Amino acid sequence: MTTHQPADLVLTGGRIATMDAVRSWASAVAVRDGRIVAVGPDTAVLAHVGPRTRVIQLRGRTLTPGFGDAHVHPVEAGRAMSLCDLHGAHGLDAYLGIVATYAHAHPAEPWIHGSGWSMDDFPGGIPSRHDLDRIVADRPVYLTSRDGHSGWANSRALEIAGIGRDTADPPDGRFDRGPDGIPSGGLQEGAMSTIDRLLPSPTEAMLEEGLRRAQAYLHSLGITTWQDAIVTAGPAIRSAPIVPGLEERTYMTLAGRGELTAKVVGAMWWERSWGLGDVDALVQRREQTSVGRYRATSVKLMMDGVLENFTGTLLDPYLDASGRPGSNRGISMIEPTLLEALLPRLDALGFQAHFHAIGDRAVRESLDAVAAARQSNGPSDTRPHISHIQVIHPDDIGRFRELGVVANAQPYWACHEDQMDQLTIPFLGPERAAWQYPFRSLLDAGAVLAMGSDWSVSTPDPMAEMEVAVNRIADYHRGERPPFYPDERIGLMDALAAFTMGTSYVNHQDRDTGSIEVGKAADLTVLDRDLFDRGAGAIGEARCIGTFVDGVSVFEDPALDG
Ligand SMILES: [Zn+2]
């Protein structure tokens, strides 16, 4: 009856969430030459099994399309794993213990450099140089925060950088100071560059190792595609030929060797000092650096900072500590007039804009810039997206669909945790606080929702992120805290769609990935249970046990065949 060529791989007996247009279910899938050749009930698909076909019995476990991460920093995150790594630790004592251990283990390193502290471990979110001085006084110590928007330096680092009482704050940042006016060790936003530029630069080998580590880790979580949210320019951006930046060279090297197994879009960082004359260099970089599975087709536009240090931009001022409106509305990182000329230009050249926007003013300025592009160019398929979207004014919710802007959400942050409750809500006030992370409202208004982690800012585990999108309670606070504005909860199927079709859409890969359909690439993720059976435990407890890209296994747990 059948004239099929045998499949290379068949997965059968599962709960397969195909994520096709009607979100249909299947129980088996067959793969040949990296493509899906059959999806359906077991009886139909088993006809594709030949003598050399690998058959995996799913035994009721869930199979999904490979997950995507729409906003992640893998090169940096992989490298952070080998520096003084505070991620995963909590509290001043734990941080200082890690610094002491690291300093002892690396006696010859001129700088103690690392990242991963959290603002909620410090009074007012601001760390002190004196704490670090107690641990390391003779060498400079510099540690960036988990969200990357603040730095923590010891006295020696400030001294080497020439930062003292008379040092003025830069226009795009701030040195925290004691009552005596002397910088106290906290550096916010643009102020961080005074120390960043002194740090020894990583070697290419270190970055390649970082990306390999990051890729292996992301594959182990079921992730097969991502958008790298910052790839920076080489040192001589205006020269010809263009020199690719460090992250770009890392991707080019691994992709050229066939070691890049993930499908990656790079978002090229727009420097604050650039103008329209710098756009041509981006066109050259896109052509020159896109190799194998790496494509540099997006441009990252950092619109504001973050709310916790009052650099996120708001339409109305932040409240002060007594709950009254102050005068600060945050720092606009890109002038709206430049942006409204830049966006039409980028759009006409086929670039996707990837905005970072936290405050409601940053979101509105991003949408206005896309509106300017639509006005001058008409509709396009560049799929601009706004990451983070922490505070959205209700008047702007419908504009995402109207303008074809993808809402790129980091759902792991949509919960009550100390940073939110102590450093954010009091300074927004109750009305604006309720406008945070409005995922349900965006979906109801017809927006395309894509999701991602912003790793190393927070965990890249899509299961933990989906749990928070669905419950709006942190996975580490299950049963302990109330849901965060529960009207904005979304269903598990919608969260899964945002991590599959949504991320594929934002990466312009939706014709090829994001759903399990005949003809598409066999990018597949196997979970250790029926994800949709709530009797099987919390969503975030589900584990990936097998990941395939183009039908090739890139991660397997022994349980896959068990
Ligand atoms: Zn980011």
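The table below gives the values:
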read-out	value
Residues of the range 250-296 that turn out to be small (Gly, Ala, Ser) and out of contact with any helix residue (DSSP H, G or I) (no Cβ under 9 Å at 6 or more places or on another chain), as a count	7
Residue tally, condition within 15 Å of the ligand (Cβ to nearest atom), outside any loop (DSSP other than H, G, I, E, B) and more than 26 Å from ARG295 (Cα to Cα), over the range 352-410	1
Subset of the range 534-549 [surrounded by fewer than 20 Cβ atoms within 10 Å (Cβ to Cβ) and either at pLDDT 95 or above or over 15 Å from ARG59 (Cα atoms) (or both)]	ARG534, GLY535, GLY537, ALA538, GLU541, ARG543
Matching residues in the range 483-505 - criterion: being over 22 Å from ASP530 (Cβ atoms), open to solvent by 10 Å² or more (accessible area, probe 1.4 Å) and either at pLDDT below 95 or part of a loop (DSSP other than H, G, I, E, B) (or both)	PRO483, TYR485
Residue match in the range 424-447 (condition: among the aliphatic types (A, V, I, L, M), in a loop (DSSP other than H, G, I, E, B) and within 16 Å of the ligand (Cβ to nearest atom))	no
Subset of the range 145-168 (residues that are over 24 Å from VAL457 (Cβ atoms) and either among the charged types (D, E, K, R) or open to solvent by less than 70 Å² (accessible area, probe 1.4 Å) (or both))	SER155, ARG156, LEU158, GLU159, ALA161, GLY162, ILE163, GLY164, ARG165, ASP166, THR167
Given (1) closer than 30 Å to GLY551 by Cβ; (2) in contact with a Lys or Arg (Cβ under 8 Å, 6 or more places away or on another chain); (3) part of a helix (DSSP H, G or I), index of the condition MET206 fails	(1)
Members of the range 392-435 that are farther than 18 Å from GLU365 by Cα and of a type in the set (A, V, I, L, M, F, W, C)	TRP413, ALA414, CYS415, MET420, LEU423, ILE425, PHE427, LEU428, ALA433, ALA434
Cβ pairs under 7 Å, 6+ apart, first in the range 224-244 and over 21 Å from ALA70 (Cα atoms) and more than 16 Å from the ligand (Cβ to nearest atom), second of a type in the set (Asp, Glu) and modelled with pLDDT of 85 or more	ILE237/ASP278
Tabulated pairs, the range 88-105, first on the phi > 0 side of the Ramachandran plot, second assigned to a helix (DSSP H, G or I), C-beta under 6 angstrom, 6+ apart or interchain	GLY91/ASP121
Identity of the residue in the range 93-120, in a helix (DSSP H, G or I) and touching a helix residue (DSSP H, G or I) at 6+ places or on another chain (Cβ under 6 Å), that ends up surrounded by the fewest Cβ atoms within 10 Å (Cβ to Cβ)	ALA100
Enumeration of residues in the range 50-79 that are assigned to a loop (DSSP other than H, G, I, E, B) and either open to solvent by less than 60 Å² (accessible area, probe 1.4 Å) or closer than 21 Å to SER458 by Cβ (or both)	GLY50, THR53, LEU58, GLY60, ARG61, GLY66, HIS73
Residue match in the range 370-379 (condition: closer than 17 Å to ILE230 by Cα and either buried (at least 23 other Cβ atoms within 10 Å of the Cβ) or modelled with pLDDT of 95 or more (or both))	no
Single residue of PRO170, PRO200 found to be within 24 Å of ASP85 (Cβ to Cβ), assigned to a loop (DSSP other than H, G, I, E, B) and either of a type in the set (Ser, Thr, Tyr) or touching a residue at least 24 places away in the same chain (Cβ under 8 Å) (or both)	PRO200
For THR337: the one exception among (1) part of a helix (DSSP H, G or I); (2) away from the ligand (no atom under 16 Å from the Cβ); (3) at pLDDT 95 or above	(3)
Single residue of GLU465, GLU517, GLU488 found to be within 16 Å of the ligand (Cβ to nearest atom) and of a type in the set (Asp, Glu)	GLU465
The range 247-299, residues that are aliphatic (A, V, I, L, M), surrounded by fewer than 19 Cβ atoms within 10 Å (Cβ to Cβ) and touching a residue at least 60 places away in the same chain (Cβ under 8 Å)	LEU276, VAL279, VAL283
Subset of the range 460-482 (residues that are open to solvent by 40 Å² or more (accessible area, probe 1.4 Å) and part of a loop (DSSP other than H, G, I, E, B))	ARG478, GLY479, GLU480, ARG481, PRO482
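The values are calculated or read from the model by the stated rules, or taken from the named source; none is laboratory data. All values derive from a computational prediction rather than experimental measurement. Note that each Cβ is placed from the backbone with ideal geometry, even for glycine, and that neighbours are counted across all protein chains shown. In case anyone asks, the SASA skips ligands and DNA or RNA and just uses the protein heavy atoms, side chains included. Shrake-Rupley method; radii C 1.70, N 1.55, O 1.52, S 1.80 Å.
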